[in-house]
Amino acid sequence: MASQEGKYNIKAVSKMLGIQAGTLRAWERRYSIIQPKRNEAGHRLYTDEHIYIIKWLMNKINHGFTISQAVDLLEHHENNIDQFVVESSSQKDMAVQLADELLSALLSFNENKAKEVLDRAFSLFTIEKVTIDILGSLLVKIGHMWENHKITVAHEHYATSFLKTKIGNILYHLPVDGYLPKVMAVCGLKETHELGLLIFTLYLRQKGFEVIYLGKGIPPEDLNVVINEIDPKLLVVSCTMEQHLSQTLNWLEKVDKEYPNLQIGLGGLGIEYLSNDIKTKFKDIIIGNTKSDWEQWIHKKLKQEKRPALDH
C-alpha cells in the first residue's frame with residue numbers, strides 16, 4: 001500500500017501531474033474521493049495514494065470520461081482502491097525497469113535486446129508514456145553519462161541513432177488535425193543532438209499537430225526560406241549543448257523581429273545552463289523539459305494571437 005503520509009503540496013502535485021491547482025481544489029470541493037491532509041499552517045498535503053488516484057482519474061478523463069463519470073466509476077470500486085494504487089505503483093516500477101533494461105542493451109550495442117525491450121514497453125504502455133517517461137528519462141541519463149565521461153561518443157551516437165529511428169517510425173504514422181496550427185521543428189544553430197527535439201515532435205504529433213521536422217544542420221538562411229515557404233504558426237527549436245545557446249538565442253531574436261506573428265518555442269537540456277537573467281528575458285519562449293511544462297506552453301501559445309517582440 002502507498003504511504004499515507006501527506007508530503008506533496010498542491011504546487012508540487014500540479015507540476016508533477018500536469019494538472020491545474022484550481023482543478024484539484026474544485027475536485028476536492030465537489031467530490032469526497034480526494035481529501036488531502038493539512039499541515040499546521042492549513043496547507044494541503046497529498047499522500048502517495050492521492051497521487052495514484054488523481055493519475056487514475058486523469059487517465060479516465062483522457063479516455064473520454066467526464067470527471068463525474070470517473071469518480072462514480074472509482075466509487076463503485078471503492079473496495080478496490082488499494083488495487084488501483086498497487087497497479088499504478090507497479091506500472092511505475094515496470095517503466096523504470098524497462099528504461100534501465102533498454103539503457104543497458106543500448107550501451108552494450110545489443111540491438112536485438114533493445115528492440116525486444118522497446119516492443120515490450122509499447123505493448124504495456126501508451127505511446128505517450130513510453131516516449132516521455134521511458135525514452136525521455138533515457139535521453140536525460142544518456143546525456144548526463146556522456147557529459148560526465150561515463151560513456152564514449154560512440155555509445156552516445158549508437159543509442160541516439162537507435163532511438164531516433166524508432167521514434168521516426170512512429171512519428172509519421174500518427175494522424176494530423178488540420179485545424180491545429182502548423183509547426184516547424186529544428187535544432188539550434190550548430191546543434192547536432194536531435195533526440196530531444198524528436199521526442200517533443202512526437203508529443204506534438206500525438207496531439208494532432210502537423211510538424212515539419214527539419215532536424216539538425218540547417219543554416220539560418222535556409223530556415224528563413226522554409227519559414228516563408230510553409231508559413232508555420234509555431235517554430236520549435238531545441239538546444240542541448242551549452243556552447244550553442246548564445247548563437248541560437250541571437251538567431252531567434254532576429255526571427256522574432258522578422259516574423260512577429262510566429263510563435264517561438266525553445267526547449268532542450270541546454271536551457272538548464274542559462275542564467276536566471278537570461279531565462280527571465282526569454283521566459284515567453286522557453287518550453288521546459290517536463291510534460292507539465294509542455295502542456296502549459298502549448299495552451300499558452302494556442303491562446304496567443306500575437307506575441308510582443310522578445311527584446312521588449
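The values are calculated or read from the model by the stated rules, or taken from the named source; none is laboratory data. Quantities reported herein were computed from a predicted structural model and do not represent experimental measurements. A quick note on method: Cβ atoms are made from the backbone with ideal geometry, for glycine too, and the neighbour counts reach across all protein chains shown.
All conditions in (1) in contact with a helix residue (DSSP H, G or I) (Cβ under 6 Å, 6 or more places away or on another chain); (2) within 23 Å of Leu139 (Cα to Cα); (3) part of a helix (DSSP H, G or I) hold for Tyr213, with the sole exception of (3).
Selection of first residues in the stretch 275-300 that are of a type in the set (A, V, I, L, M) and of second residues that are not in a helix (DSSP H, G or I), restricted to Cβ pairs under 6 Å at least 6 apart or on distinct chains, gives the following pairs, ordered by first then second residue: Ile285/Ile264; Ile285/Gly265; Ile285/Leu266; Ile286/Leu266; Ile287/Gly265; Ile287/Gly267.
Checking the condition surrounded by fewer than 16 Cβ atoms within 10 Å (Cβ to Cβ) and within 24 Å of Trp294 (Cβ to Cβ), which residue from Ala41, Ala21 passes?
Numbers: Ala41 fails: within 24 Å of Trp294 (Cβ to Cβ).
Exactly one residue qualifies, and that residue is Ala21.
In the stretch 270-312, which residue that is modelled with pLDDT of 80 or more, part of a helix (DSSP H, G or I) and among the aliphatic types (A, V, I, L, M) is nearest to Thr131 (Cα to Cα)? The qualifying residue nearest to Thr131 (Cα to Cα) is Ile298. If you go through the stretch 250-269 and keep only what is touching a Ser or Thr at 6+ places or on another chain (Cβ under 9 Å) and modelled with pLDDT under 90, you end up with Gly267, Gly268, Leu269. For Asp256, indicate whether it is in contact (Cβ under 8 Å) with a residue 40 or more places away in the chain, of a type outside the set (S, T, N, Q) and not in a strand (DSSP E or B). For Asp256, the condition - in contact (Cβ under 8 Å) with a residue 40 or more places away in the chain, of a type outside the set (S, T, N, Q) and not in a strand (DSSP E or B) - is met.
Residues are listed down the side, and each one gets a yes or a no for (1) among the charged types (D, E, K, R); (2) surrounded by 20 or more Cβ atoms within 10 Å (Cβ to Cβ); (3) at pLDDT 80 or above:
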residue	(1), (2), (3)
Lys150	yes, no, yes
His157	no, no, yes
Pro175	no, no, yes
Leu180	no, no, yes
Ala185	no, yes, yes
Gly196	no, yes, yes
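If you go through the stretch 204-238 and keep only what is modelled with pLDDT of 90 or more, touching a Ser or Thr at 6+ places or on another chain (Cβ under 8 Å) and farther than 10 Å from Lys182 by Cα, you end up with Tyr213, Val236, Val237. Of the residues making up the stretch 224-245, just one is polar (S, T, N, Q), surrounded by 14 or more Cβ atoms within 10 Å (Cβ to Cβ) and in a helix (DSSP H, G or I), namely Asn224.
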